[in-house]
Amino acid sequence: MIAITPGEPAGIGPDLVVQAVQRERQVPWLVIADKDMLAARARLLHLPLKLDENLQTPSLLPGHLTVLHTPLTNTVVPGQLDTANVPGVMAALDAAIAGCLSGAFSALLTGPMQKSVVNDAGIFFSGHTEYLAEKSGVDDVVMLLMTDVMRVALATTHLPLAKVSHALTQPLLERRLRILNNALHKQFAVARPRILVAGLNPHAGEGGHLGTEEIDVIQPVCERLRIQEMDIVGPLPADTLFTPKYLQQADAVMSMFHDQGLPVLKYSGFGNAVNVTLGLPFIRTSVDHGTALDIAGSGDADLGSFLAALVVASELIINKELNAPS
């Protein structure tokens with residue numbers, strides 16, 4: 001069973017759930033959210049929705065949705081953020097995490113969150129990735145976005161650009177490359193993953209003339225992991241790494257910061273990309289976009305990334321079952 005949290009209730013997360021449930025599905029879902037909010041969104045979208053709370057046998061019928069009711073404080077107005085509803089949103093996410101950790105759920109698919117309103121409500125929240133790691137008690141995780149043509153992982157995630165160089169240390173990079181390599185092998189069934197590693201600076205530092213992070217941090221880590229028989233290529237200049245010559249021979253790219261790799265990936269497949277958190281004790285996928293407050297409740301939300309995230313979650317569940325000890 002895949003647990004689904006719609007994320008920010010004033011955004012398009014509820015729209016995606018209501019629209020997607022109109023289709024046939026093979027894997028049961030359990031949506032953890034306010035049932036009245038979902039019913040109201042379905043009415044606004046003029047779509048049929050029959051809700052039930054039968055957690056033991058979630059419905060697979062189009063237009064039917066099994067819900068673990070997690071109430072919100074105020075009535076949701078699409079497009080209008082409300083800090084009073086943040087505790088309910090976080091309670092839904094916490095329930096989903098707990099269910100995944102206990103084994104009640106096979107995977108978690110998260111809708112987009114609005115970080116600003118969570119922080120405005122007095123709860124520090126830098127993103128799903130970091131929150132899931134903390135709540136799961138793991139030392140580190142890796143944010144991976146993927147399309148049908150590439151996978152891009154991030155060495156650093158939601159940091160101001162001015163802080164990236166300081167955060168990029170040998171232990172961090174080595175740890176995250178190991179997580180990526182392990183996940184590609186075990187979760188994605190890649191026998192010997194080839195990972196391209198981007199430099200941080202233009203031209204990968206130009207031999208130290210444009211920065212020394214490649215010499216001081218990235219190159220030593222790459223060499224150390226190659227000695228340990230990991231197929232690591234780099235550091236490579238980011239402006240040439242994302243070309244067919246390199247990508248067609250690679251299983252994933254390790255980008256040094258958020259906006260180094262993700263603009264390329266999203267250009268290649270925005271609306272159909274999937275966010276996967278690697279290193280958690282459970283499967284987590286998400287959409288590649290934000291809350292889109294301006295179109296919430298309009299019926300204009302694109303289902304592409306949500307459906308792709310469902311497909312990837314289902315595939316990872318199958319891989320996990322195939323690799324499980326007999």
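The values are calculated or read from the model by the stated rules, or taken from the named source; none is laboratory data. The structure displayed is predicted, hence computed values, not measured ones. FYI the Cβ positions are ideal-geometry reconstructions off the backbone, even for glycines, and counts take in every protein chain you see. The accessibility values were calculated without ligands, DNA or RNA, using every heavy atom of the protein model including side chains. Shrake-Rupley method; radii C 1.70, N 1.55, O 1.52, S 1.80 Å.
Measuring between their Cα centroids, segment 1-54 and segment 75-115 lie 13 Å from each other. Excluding same-chain neighbours fewer than eight residues apart, the lysines reachable from Lys50 by a Cα-Cα span under 26 Å are Lys35. Any idea which of Gly103, Ile215, Val152 is furthest toward the positive side of the dipole for the chain, if Lys and Arg beta-carbons carry +1 and Asp and Glu beta-carbons -1? It is Gly103.
Computed from the Cβ-Cβ distance with R0 of 30 Å, the FRET efficiency linking Leu101 to Asp148 stands at 0.45. Using the 1.4 Å probe convention, the accessible area of segment 213-309 works out to 41 Å² per residue with neighbouring protein chains retained. Sorting the segments 84-93, 249-258 by their mean number of nearby beta carbons within 10 angstrom, highest to lowest, gives 249-258, 84-93.
When a/c reaches 1.5 or more, the comparison of a/b and b/c decides; with that in mind, is segment 198-326 rounded, prolate or oblate per its Cα gyration tensor? Taking the square roots of the gyration eigenvalues as a ≥ b ≥ c, segment 198-326 is oblate. When only alpha carbons are used to place a centre, segment 178-219 and segment 225-274 end up 8 Å from one another. Placing unit charges on the Cβ atoms only, positive for Lys and Arg and negative for Asp and Glu, gives segment 199-326 a dipole magnitude near 280 debye about its Cα centre. Once you order the gyration tensor axes a ≥ b ≥ c over the Cα atoms, which shape class does segment 1-143 get: rounded for a/c under 1.5, otherwise prolate or oblate by comparing a/b with b/c? In terms of gyration-tensor shape, oblate. Cross-link reach is defined here as a Cα-Cα straight distance under 22 Å, omitting same-chain residues fewer than 8 places apart; for Lys245 the lysines meeting it are Lys266. For the options Asn275, Asn119, Asn182, a Gaussian network treatment of the chain with springs between C-alpha atoms closer than 10 Å singles out Asn119 as fluctuating the most. Charged side chains reduced to their Cβ positions (Lys and Arg at +1, Asp and Glu at -1) give the chain a dipole of some 580 debye around its Cα centre.
Could you look at the chain and say what percent of its accessible area is carbon and sulfur, using a 1.4 Å probe and all protein chains? Answer for the chain: carbon and sulfur cover 54 percent of the accessible area.
With a/c under 1.5 counting as rounded, go ahead and sort segment 1-63 into rounded, prolate or oblate using the C-alpha gyration tensor (a ≥ b ≥ c being the square roots of the eigenvalues; past the cut-off, prolate if a/b is larger than b/c, else oblate). Taking the square roots of the gyration eigenvalues as a ≥ b ≥ c, segment 1-63 is prolate. Estimated from helical segments only, the mean residue ellipticity of the chain at 222 nm is -11500 deg cm²/dmol, where each DSSP H run of four or more residues counts as -39500 (n - 2.57).
When exposed loop sites are taken as GluC sites (Glu not before Pro) in a DSSP loop with at most 12 other Cβ atoms within 10 Å, the longest stretch of the chain clear of them is 54-228.
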